[in-house]
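All remarks here apply to the structure that follows.
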Amino acid sequence: MENQSTEVSAIHEFLSKVEVFKDLPPQSLQIIDKRIKKMSFNKGDKIISEYERAKGVFFVHSGMVKLTKQNEQGNELIVCMKKKGDIFAEACLFNYGDLTYPATGTMIKPGEIYFLSTEDFEQELLLNPELAVQMIRYMGETLRDLTSIMRDIALLDVYTKTMKMLERLAEKFGANRCNRMYIELPLTIQEFSTLIGTSRESVSRVFSKLRKEGLIDIKQKHIIITDWCKFCAVYKNKLM
């Protein structure tokens, strides 16, 4: 009984830090954490498929998740990355019929994922106006971010797109250690190129240029911005 209570308390604490739940009263969190299902995954495990009927919403408790889509040629295109506290597959909310998940989710770092069925989540949204407003606000912010990324992909040159994506990744996944920004996200050059909608060769040329300028280094699929202050100055100057 004590172990079960400790686990519920841990889930409760985690939910209170998730963006859409952080301002909810304790009694609302208690209802939600009773409906949560916890699952563990290893690196490379597939959590959901874009060809699978959507059943619910997922929350990253630990590890990292890569969301991808396949094009007509079967190539994998990275949509976004998710870390601890992030939500994914929320696009399946408020839909009717046998719709599939919006993307395929794969673990790129081992960890735990929490699952809440669409039925349970929508029921809680109906009963809790505060949660409904927070969810709408979150989805609105996500849409704005996605629109901004799509605008950059369509309008910016490869060098600027690369700089902007590095800045985004640093803000979300970065660890600043004595002015060296470690992007703690394993990415190949090919995977990075799909994030900004360009070819691997184009990204390789930009990365080579950034290396020569003393701005980045790459070690074991991890990008290091070697001088964060200099990088920010170059980045802001490029956008002016």
message: I'd like to know which of Leu210, Phe88, Gln220 lies farthest towards the positive end of the charge dipole of region 87-240, counting +1 on Cβ of Lys and Arg and -1 on Cβ of Asp and Glu.
response: Leu210
message: Leaving out ligands and nucleic acids, and using a 1.4 Å probe, what accessible area per residue does the chain come to in Å²?
response: 55 Å²
- line: Here the relative contact order (percent) of the chain, from C-alpha pairs under 8 Å and at least 6 apart, is 17 percent
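Rank these by accessible area, largest first, 1.4 Å probe: Glu171, Glu124. Display every interim value, and only then the final one.
Details: Glu171 125, Glu124 10 Å².
Result of the area sort, largest leading: Glu171, Glu124.
Could you pull out the chymotrypsin sites (Phe, Trp or Tyr not before Pro) across region 28-61 that fall in loop regions by DSSP (anything but H, G, I, E, B) with no more than 10 other Cβ atoms inside 10 Å? Kindly include the intermediate steps, with their values, before the conclusion.
Values: sites: Phe41, Tyr51, Phe58, Phe59; in loops: Tyr51.
For chymotrypsin sites (Phe, Trp or Tyr not before Pro) across region 28-61 that sit outside H, G, I, E and B with at most 10 neighbouring Cβ atoms in 10 Å, the list reads Tyr51.
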Neighbour net charge for Tyr182 - beta-carbon separation under 11 angstrom, K R +1, D E -1: +1
statement: Between the modelled labels at Ser40 and Lys221 (7 Å from Cα along Cα→Cβ) the distance in nm is 2.1 nm
- prompt: Among the lysines, which fall within straight-line cross-link reach of Lys236, defined as a Cα-Cα distance under 20 Å, with same-chain neighbours fewer than 8 residues apart omitted?
  reply: Lys161, Lys164, Lys172, Lys209, Lys212
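Which helices of the chain meet both criteria: a Cα extent of 30 Å or more along the helical axis and a mean Kyte-Doolittle score no lower than -0.5, with helices taken as whole DSSP H segments? Walk me through the numbers on the way to the answer.
Numbers: long enough: 129-155 (39 Å, 0.21).
Passing helices, by number: 129-155.
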message: Just to confirm my numbers, what's the Cα centroid distance between region 72-89 and region 49-70 in Å?
response: 7 Å
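Which loop-located GluC sites (Glu not before Pro) does region 34-94 contain, where loop means any DSSP state but H, G, I, E or B and the Cβ has at most 15 other Cβ atoms within 10 Å?
On the way: sites: Glu50, Glu52, Glu72, Glu76, Glu90; in loops: Glu50, Glu52, Glu72.
Filter output for region 34-94: Glu52, Glu72.
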- request: Find how many whole Å separate the alpha carbon centroid of region 109-170 from the alpha carbon centroid of region 31-47.
  value: 19 Å
Viscosity 0.890 mPa s, temperature 25 °C, Stokes-Einstein D of the chain from Kirkwood C-alpha radius, µm²/s: 126 µm²/s
Selected from Tyr51, Val234, Thr198, residue furthest toward positive end of dipole (the chain; charges at beta carbon): Val234
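Give me the net charge for the shell around Arg137: Cβ to Cβ below 14 angstrom, other residues only, Lys and Arg +1, Asp and Glu -1. The partial results should precede the final answer.
Numbers: positive: Lys22, Arg144; negative: Glu19, Asp23, Glu90, Glu130, Glu141, Asp145.
Charge balance in the 14 Å sphere: -4.
The values are calculated or read from the model by the stated rules, or taken from the named source; none is laboratory data. From a predicted model like this one, the values you see are computed outputs, not experimental measurements. Note that each Cβ is placed from the backbone with ideal geometry, even for glycine, and that neighbours are counted across all protein chains shown. Ligands, DNA and RNA are stripped out before the accessible areas are found, and what is left, the full protein with its side chains, is counted by its heavy atoms. Shrake-Rupley method; radii C 1.70, N 1.55, O 1.52, S 1.80 Å.
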